[in-house]
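One structure is given below, encoded as C-alpha cells.
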Amino acid sequence: MLNPKAQSPMDLTIEDVLNSRIICYPFKMLDCCLYSEASAALILAPEEKVKELGIEKPIWITGVGAANTDCFIGNREDMGRLYSNINAAKVAYKMAGLDYNKIKQQVDLAELHDAFSGQEVISYEELGFVPFGEGGPWIENSFEKPGEGPWINGEVPCCPSGGLIGCGHAVGATGIMSTGEAALQLREDAGKHQVTIEKGRAIAHSIGGPGAAYAAIIVMTNEEGLKQP
Amino acid sequence: MSKQDFQSHEIRDIIKINYKYTMGGQSKFFIEVMNNKKLLGTKCTNSNCGKIWMPPRINCSECYSPTEWIEMKQTGTIEVSTIVWYTTSAFIKSVPYSIGFIKLDGADTALFQGIFSENLVPSKVKKGRRVKAVFSKNREGKMTDFFFVPEDEYERWIAKPEYEGGA
Ligand SMILES: [Zn+2]
C-alpha cells in the first residue's frame, strides 16, 4: 500500500482476502471498506480567480454528470446493475467532449467508489472501460501484466490511492477524497502512488443514497489535457 | 473549581423507550399477514399503467395514480440474494441466513425478504430459484412474520411445529 494517508494500509495477497472471514456472500471482510470518520475538502474557483491569483498547476473540471435510479432495489429492472452509473458517465463524458465507447483510451486514471470489491468491478463496466460482464476478466487476466487492466501500471489505473477499501470510507466525504486524489494525480503530486500522466485527464466517481441509487462522475483535466484532442 | 479538583463519576445505565409506530396506508398488508396469512400487493388503477406493486404502494410510483389492493400468489422467483454471516443483534441468532429480492408471480416489483433453507448454500438461493412463503404461527404483524423457502423444501418447513403454510 503506497498511500501514506490510507487508513487501512495493508500488504495483502489474494489468499489473505480469500481467507478473511465472510461477511455477506460472496464478500469477505477484506472485500469490504472500513466505515470511517474523516473530512475532505477541495478548493474550487472560477477561471478568472485562478488566473488573478496565479494558481500553479490548476486542475479544471471539464465534465460533471449525476443520475438517479430507483431507490428501492426491488423496483429495478436489473438488480445487479447501477444504471445511474452509466447515465452519469455518459453525461459527464459528453460535457468533457469524450466518448463513452473510447473512454479507456482517453483518461489516465479513475478513482472509483469501491466500498466493496464487487462495486469496483461493475463500475469498470458501467463507466465504459470494458463491456458488460468483462470487468472481472479485465482485472483477473491482467494481474502482473504491466500495461494492462486497472492496475497502477495498467491501461487505466483504477483507485491508485487504494480507494475506499484502502483509504477508509468516510460516508459523505469520500467523493471529495476521490476527486482530490484524482486532482493530485493530474498535478503529479500524488507521491509514491503516482501514475503516469499522458493524456492529462482523470475520472472521479462516487455513489450513494438508498440502494446506491445516486451516482456522480467528474471528469477533470490538467493544463496539458486542455490542449489534447 | 480548578481542573485538578474536577472528578467524574460515571455509571453505565440503560434507557428504555416505549413507542408505537404506524404502517400508515400500508397497514392492511401487515394486518392480512398477521390475521389471514395472505400477501397483499397493489395494482395501479390507471388502465394505461396497471403496474402491480409488491411490496404494496398506496400510489403508483410510475404514474402517481391511486392503487387498489389485490391478493398475490405466495410463490415467486429470486431476483438477487446474498447469505448473511454478519448482522445486527436482532438477527445474529439466525446467522447464516439468506436475504434477497423475490418477485412474486404476477408482480412487477420485488419484495425484500429472508430466505431460509435446510441446506443453505449459494446455489440454493441464486437468481431464478423458485421459492414459497412460510408463516410463523406466532405472528405480530411484522415483516418477520413470514419468510421464503425453496419450493422443494416447502412441505417440510410447514410441517415444523412453529411454522405453517399461507392462505
Ligand atoms: Zn401507474
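The values are calculated or read from the model by the stated rules, or taken from the named source; none is laboratory data. Being a predicted model, the structure only gives us computed values, none of them experimental. Heads up, the Cβs are rebuilt from the backbone with ideal geometry, glycines too, and the neighbour counts pull from every protein chain shown. The accessibility values were calculated without ligands, DNA or RNA, using every heavy atom of the protein model including side chains. Shrake-Rupley method; radii C 1.70, N 1.55, O 1.52, S 1.80 Å.
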Give me the angle, in degrees from 0 to 90, between the Cα long axis of helix B:27-36 and the longest principal axis of the Cα atoms of chain B, rounded to the nearest 10. 70 degrees
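Write out the GluC sites (Glu not before Pro) in segment A:1-73 meeting two conditions: DSSP loop, and at most 13 other Cβ atoms within 10 Å of their Cβ.
A:37, A:56
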Could you list the square roots of 5 times each eigenvalue of the Cα gyration tensor of segment A:14-227, that is, the equivalent ellipsoid semi-axes, sorted largest first and rounded to whole Å? 27, 19, 18
Counting only DSSP beta bridges with both residues in segment A:14-227, what percent are antiparallel, rounded to the nearest 5? 80 percent
If you filter segment B:1-98 for trypsin sites (Lys or Arg not before Pro), then keep DSSP loop positions with at most 12 other Cβ within 10 Å, what is left? B:3, B:12, B:16, B:20
5 angstrom amide H check on residue A:36, placed H, neighbours 5+ away: A:169, A:170, A:171
How big is segment A:1-95 by Rg and Dmax over its Cα atoms, in Å? 19.9, 55
Expressed as a whole percent, how much of the Cα-Cα distance distribution for segment A:44-85 exceeds 15 Å? 59 percent
Cα centroid separation - segment B:61-91 against segment A:14-43, whole Å: 27 Å
Which of A:206, A:178, A:117 fluctuates most in a GNM of chain A (C-alpha springs under 10 Å)? That residue is A:117
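Find the Cα radius of gyration of the protein assembly as shown, compare it with 2.2 N^0.38 Å by division, and give the number to two decimals.
1.18
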If you take the accessible area of B alone, add that of A alone, and subtract the area of the pair, what total do you get in Å², probe 1.4 Å, to the nearest 100? 1200 Å²
For residue B:70, enumerate residues with amide H under 5 Å from its amide H, sequence gap 5+ or separate chain, H modeled in the peptide plane. B:41, B:42, B:43
Counting only DSSP loop positions in segment B:129-167, the GluC sites (Glu not before Pro) whose Cβ has at most 15 other Cβ atoms within 10 Å are B:140, B:162
Subtract the Cα-Cα distance of residue B:167 and residue B:48 from 0.36 nm times their separation in residues, and report this length gain in nm to one decimal. 39.7 nm
Förster-model FRET efficiency, 35 Å R0, residue A:132 and residue A:22, C-beta, rounded to 0.05: 0.85
Quick one: Debye curve from the C-alpha atoms of segment A:60-179, no solvent, what's log10 I(q)/I(0) at q = 0.14 Å⁻¹? -0.61
Using θ = phi - 60° and the Karplus curve 6.51 cos²θ - 1.76 cosθ + 1.60, what whole-Hz ³J(HN,Hα) does each residue of segment B:62-74 get, with Gly and Pro shown as x? 8, 10, 6, 6, x, 10, 10, 6, 9, 7, 9, 5, 9
Could you work out, for segment B:24-165, what percent of all Cα-Cα pairs fall into each 5 Å distance bin, beginning at 0 Å and stopping at the bin that holds the largest distance? 2, 10, 18, 21, 20, 15, 8, 4, 1, 0
Give, ordered by residue number, each residue of segment A:17-44 whose 1.4 Å probe accessible area is reduced by a minimum of 40 Å² on adding the remaining protein chains to the chain alone. A:22, A:23, A:24, A:25
Can you compute the modelled spin-label distance between residue B:5 and residue B:68, with each label point 7 Å from Cα toward Cβ, in nm? 7.8 nm
Expressed per residue, the solvent accessible area of chain B in Å² (1.4 Å probe) is about 63 Å²
Carbon plus sulfur fraction of accessible area for segment A:73-229, probe 1.4 Å, in percent: 54 percent
